[in-house]
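*Asks:* The structure's right below; bear with me while I get my questions together.
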C-alpha cells in the first residue's frame with residue numbers, strides 16, 4: 001500500500017523532489033515547487049532557475065509528456081487568468097524574473113499545443129517533450145529565440161481562439177525576432193564565427209503557422225545558415241543529428257520548410273531548393289550527408305527525400321523547353337508507376353503509427369500522380385489539340401486519395417497534421433463532384449479548427465474560388 005503524505009518519511013520525499021525539481025533547488029538542498037519555467041523558490045531568491053536536460057530526467061518523466069509539464073504549473077495559472085480576462089493580454093503585465101504572465105500564457109500554449117502540431121502525429125512523445133524542454137532552456141538565455149517562439153505561438157493561438165489580441169502580440173514579437181536575427185546575421189558576416197543553434201532555431205519559427213507570411217527569404221536564409229554551420233563542423237553536426245532529437249527537429253524543420261515552399265504552389269512554383277544542401281559532406285567523403293541522416297525515423301518531413309525530389313521534378317516540368325518536356329513527362333510517369341505500386345501495399349497488422357507513415361507516402365504519390373496526369377494531358381493537348389479533349393470525369397486518384405484521408409485508423413491524425421496541406425490542395429484542383437468537394441471542404445475546415453495552421457485556411461480559400469468559377 002502506498003504511504004499517505006502524513007506518514008511518508010521526509011527522506012523519501014526529499015529524494016523524489018531532488019529527482020524532479022530544478023537543479024538550483026537540488027544544489028541548495030531545498031524542496032522545489034516544480035513550477036516551470038522558473039520555480040517560486042528561485043523567483044523569490046532572485047536566482048537563476050536551471051532545469052536538468054532530458055538526459056538527466058527521471059525515466060518516468062521522460063516517458064510521458066504530461067509528467068514533464070504538470071497541469072498545475074505557473075504557465076497554466078497564467079492561462080486561466082488571461083483567458084478569463086481578469087488580466088488583459090498586454091506588455092504592461094506585472095513581470096516575473098523571467099517571463100510576464102502574457103508570455104507564460106504563450107509558452108504554455110507552445111509547450112502543450114503547438115509543439116505537438118509542429119511534428120508528425122506519429123513522432124515519439126518523449127522526443128517531442130525532450131526537444132521542447134531543451135528549447136525552453138535555451139529561451140531563458142536568448143531573447144531573440146524567445147520572441148520568435150512567442151510570435152509563432154501567439155499567431156497560432158489567435159487563429160484557434162479568434163482573439164485578435166494574440167495577433168497584435170504576434171506582430172510585436174515577430175518584429176523583435178527579426179531584429180535579433182538581423183543583428184546575429186550581421187555579426188556572422190563581420191566575423192568568422194558560425195551561426196549558433198539558437199539562431200537557426202529562431203529561424204525555423206519565423207514562418208510558423210501563418211499562411212499569409214511570405215517566408216521565402218526566411219527559409220532561404222535558414223538554409224544558408226545551416227550550410228555554414230555544417231561546413232564549419234560537419235562531423236559534429238552529423239553525430240549530433242544521429243544522437244540528439246533536438247538537432248533532428250531543428251534541422252529537419254528547415255529542410256521541410258524548404259521542400260514545402262518548392263511544392264506549395266504546384267501550378268506556379270516560386271521557390272527553388274538549394275541543390276548543394278543535399279550533397280554536403282564536408283571534407284570527408286566517408287561522412288554521410290546530413291540530409292540522408294535526417295531521412296531515417298523522420299519527425300518532421302514524413303516522406304523519403306526521393307519522393308520530395310520527384311514532386312519537385314513534376315512541378316518544374318512545364319518550365320522545360322518544349323522539346324524536352326514530353327520526354328521528361330514519360331520518364332516521370334515510369335518512375336511514378338513504381339511508386340504507385342506502394343499505394344496497394346497495405347499491412348493490416350501494422351501499428352497505427354506505421355500505418356500513418358505508409359498512408360502519408362501513398363497520399364503524396366497519388367497527388368503527384370494526379371498532377372502528372374494533368375500535365376501529360378495538357379502537353380498532348382498543346383501538341384495535338386484536334387485529337388484530344390480534357391478529361392471531364394473524376395480521376396481515379398481523387399477517389400483513392402479521399403479513401404486514404406477518411407480511413408478510420410488515421411483520419412484523426414490527418415486532421416491534426418500539417419503534412420496534409422499539399423495533397424489536399426492537388427486533389428481539390430481535380431474534384432468535380434459535389435460529394436468530393438464537400439468532403440474536402442469539411443476536412444480542411446476541421447484541419448483549421450484543430451491546428452490553427454494558416455496554410456489550410458489559404459488552401460480552402462483558393463479552392464473555394466476555383467470551385468465557384470466552375471459552377
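*Asks:* Just wondering, is there one or more residues in the range 123-133 that are modelled with pLDDT under 90, surrounded by fewer than 24 Cβ atoms within 10 Å (Cβ to Cβ), touching a strand residue (DSSP E or B) at 6+ places or on another chain (Cβ under 6 Å) and within 28 Å of residue 42 (Cβ to Cβ)?
*Replies:* no
*Asks:* Suppose the filter is closer than 23 Å to residue 335 by Cβ, modelled with pLDDT under 90 and part of a helix (DSSP H, G or I); does residue 277 pass it?
*Replies:* yes
*Asks:* May I pose another question? Checking the condition outside any loop (DSSP other than H, G, I, E, B), within 20 Å of residue 436 (Cβ to Cβ) and at pLDDT 85 or above, which residue from 356, 399 passes?
*Replies:* Testing whether each residue is outside any loop (DSSP other than H, G, I, E, B), within 20 Å of residue 436 (Cβ to Cβ) and at pLDDT 85 or above leaves just 399.
*Asks:* Considering every residue within the range 188-205, establish whether at least one is buried (at least 22 other Cβ atoms within 10 Å of the Cβ), part of a loop (DSSP other than H, G, I, E, B), at pLDDT below 85 and within 17 Å of the chain's Cα centre (by Cα).
*Replies:* No, there is no match, as no residue in the range 188-205 is buried (at least 22 other Cβ atoms within 10 Å of the Cβ), part of a loop (DSSP other than H, G, I, E, B), at pLDDT below 85 and within 17 Å of the chain's Cα centre (by Cα).
The values are calculated or read from the model by the stated rules, or taken from the named source; none is laboratory data. Keep in mind that this is a model prediction, so the values were computed, not measured. FYI the Cβ positions are ideal-geometry reconstructions off the backbone, even for glycines, and counts take in every protein chain you see.
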